[in-house]
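Each remark here refers to the structure printed beneath this line.
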Amino acid sequence: MRIFRHIFTATLGVAMTASLSSCVNNWLDQTPADGIDAETAIQTSSDLANVRTGLYAAVKGNNTLVDYYGRLMFVYGDVRGEDIQYEFNSGSGRAQFYYYMNYSTADDFGSSSSIWQTPYVVIARANRVIEAAESGKLTDAEEAQAEIAQYTAEAKVLRAMALFDLTRVYGKPYTMDQGASLGVPIVTSPIEASEKPARNTVAECYAAIEKDLNEAISSGALMTQNDEDSKGYINVWAAKALQVRVYMTKGDWNNALAVAEDIINNAPYSLWNTSEYASAWSEGSASHAKEILFELVIDDTTDWTDREGIAYLYSDVAGVGYGDVVVTKAFSDMLTSDPQDVRNNILLEPLDPESVYAGNKVYINKMPAVAGDPRYADVPVLRLSEVYLSAAEAAFQAGDLNKAASLLNDIISNRTTDASKQVTAANVTLDRIYTERRKELVGEGQRYFDAMRRGETIVRYTSDADKGWHDVLTEEAKSFDRNSKKALPLIPASEMNANPNMVQNPAY
């Protein structure tokens, strides 16, 4: 079954006015049981709110749909880098695919290993929200104008996010050829199952992404507060943080810096300080909401990813969790080189004192267990720290070294009590900014994308001397850059087989 048929039928199901839980399971690929036409299923703002619920549920995933922020977006963005590796000694296998990079033309990328199906479900549901809201046919359009506008703006941001993520996974980095190469199909309206869209260019994808973000932000409809009512939903600051990420990926330093400084100067958020950092990751912490611009909220068993989610994959706490990924020896050495860096405290030692890690702290605890169970952990997606680091990098690239140093010091002074680690305009470098970014965002799915947009070489190890606790890897998995044939994954074989207009990525 092609993904675009998934999209079409998913939007039919989610449009139903019947009660929907925030978890999506069996009805993803089902048409409405009572046959109600999609065109008449959304008639009021209340109906639209139900579709909005399904939209966020798709971003979050469930125990069978983990090919987006449920799990795989984090795995792809980190395990393909050099700071996190698959725990091959006792891992469950859920993080090994992109670590070993042994895929070939024979692989049929299913939902367990490819970021494809669920992002397009997100796009389909966003399209349904936008179409219904802008149709002028909602019976309470005048009375519920503010709510409808808000839902529309949120849908545009999430549609932009899904297209952005798909484009940076399956398309070459924009900075390689200014977007001339192929990205992914752009879908901006509900489509029929018979349609077979072709891939758009990366530049066309970015134009669509920026259009959605600009329209959502300029509408003035997005929430601006940071409170319980906005938790788990896109607000204007999260939209702008995503916009910064998009500009950084394009190498658009001036726009990235301008939007980042807007967030830093005007948003109701602040950086965690050194005394808050380690505990602030726990959702029950009084400091938790200070820095997190957008997170996926897990309330109970109706909206979790169960044992298939990223939090369970990371966890090795009290024997609960798969513990499928660990930081690499090289990353551990980099972080522990400053014993006063509080980021050391988000890593945990293995339960087994006889493990190969010899007492090193290797498990990432950024999604701490709730009441002993990591399945209830909220999942951070956008944080203020990333905005500061992007601003520092953009300022440096734009030639303002004083501003770059000041912004980077805002991070450093809130992460280590060693004042000698701070920088000046005379000694700040891109490498130092990159190092702080790696330390800060480890486990948040960003490292691989950062390396690709900058044209860096990923070096896991070069010889037994610097192998650390890596498994034996092929030469092309040990070290590679964005010119490698493995830099781009395959379009899923099921999509290729069903869609004659789809073009596969080269070098396979």
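The values are calculated or read from the model by the stated rules, or taken from the named source; none is laboratory data. None of the values given here were measured: they were computed from a predicted structure. Here the Cβ is made from the backbone with ideal geometry for all residues, glycine too, and neighbour counts use every protein chain on show. Accessible surface areas use protein heavy atoms only, side chains included; no ligands, DNA or RNA. Shrake-Rupley method; radii C 1.70, N 1.55, O 1.52, S 1.80 Å.
What are the equivalent ellipsoid semi-axes of segment 410-457, built from the alpha-carbon gyration tensor (square roots of five times its eigenvalues), in whole angstrom, biggest first?
Taking √(5λ) for each eigenvalue gives 22, 14, 6 Å, largest first.
Could you tell me the relative contact order of segment 245-370? Use alpha-carbon pairs under 8 Å, at least six residues apart, and round to a whole percent.
Once normalised by length, the contact order is 21 percent.
Measuring from label point to label point, each 7 Å out along Cα→Cβ, what is the Thr188 to Tyr100 span in nm?
Each label point lies 7 Å from its Cα, and together they span 4.3 nm.
Show me 438-450, 62-74, 227-239 ranked by packing, highest mean number of other Cβ atoms within 10 Å first.
62-74, 438-450, 227-239
Is there a quick way to get the dipole size of segment 159-256? I mean about its Cα centre, with the Cβ of Lys and Arg at +1 and of Asp and Glu at -1; what is the value in debye to the nearest 20?
320
Please give the solvent-accessible surface of Ser218 in Å², to the nearest 10, using a probe radius of 1.4 Å with every protein chain present.
About 90 Å², ignoring ligands and nucleic acids.
List the relative contact order of the chain as a percent without decimals, with contacts defined as Cα pairs under 8 Å and 6+ residues apart.
RCO, the chain: 19 percent.
Checking the cross-link filter: which lysines have an alpha carbon closer than 17 Å to that of Lys172, excluding same-chain neighbours under 8 positions apart?
Cα-Cα hits under 17 Å: Lys250, Lys485, Lys486.
Given R₀ = 22 Å, FRET efficiency for Val459-Asn427 by Cβ-Cβ distance, to 0.05?
So the FRET efficiency works out to roughly 0.35.
Putting +1 on Lys and Arg Cβ atoms and -1 on Asp and Glu Cβ atoms, find which of Ala477, Gln446, Asn402 reaches farthest to the positive end of the dipole of segment 369-508.
So the residue we want is Asn402.
For segment 349-450, how many pairs of lysine residues have a Cα-Cα distance under 22 Å, where the two are 8 or more positions apart or belong to different chains?
Lysine pairs meeting the criterion: 5.
Whole-Å semi-axes of the chain's equivalent ellipsoid, largest first, each the root of 5 times a Cα gyration tensor eigenvalue?
Rounded to whole Å, the semi-axes are 35, 26, 23.
Let me spell out the model: positive unit charges on the Cβ of Lys and Arg, negative unit charges on the Cβ of Asp and Glu, origin at the Cα centre of the chain. What dipole size does that give, in debye rounded to 20?
1160
If you take the square roots of the eigenvalues of the alpha-carbon gyration tensor of segment 128-234 and sort them as a ≥ b ≥ c, do you get rounded (a/c under 1.5), prolate (a/b over b/c) or oblate?
Oblate.
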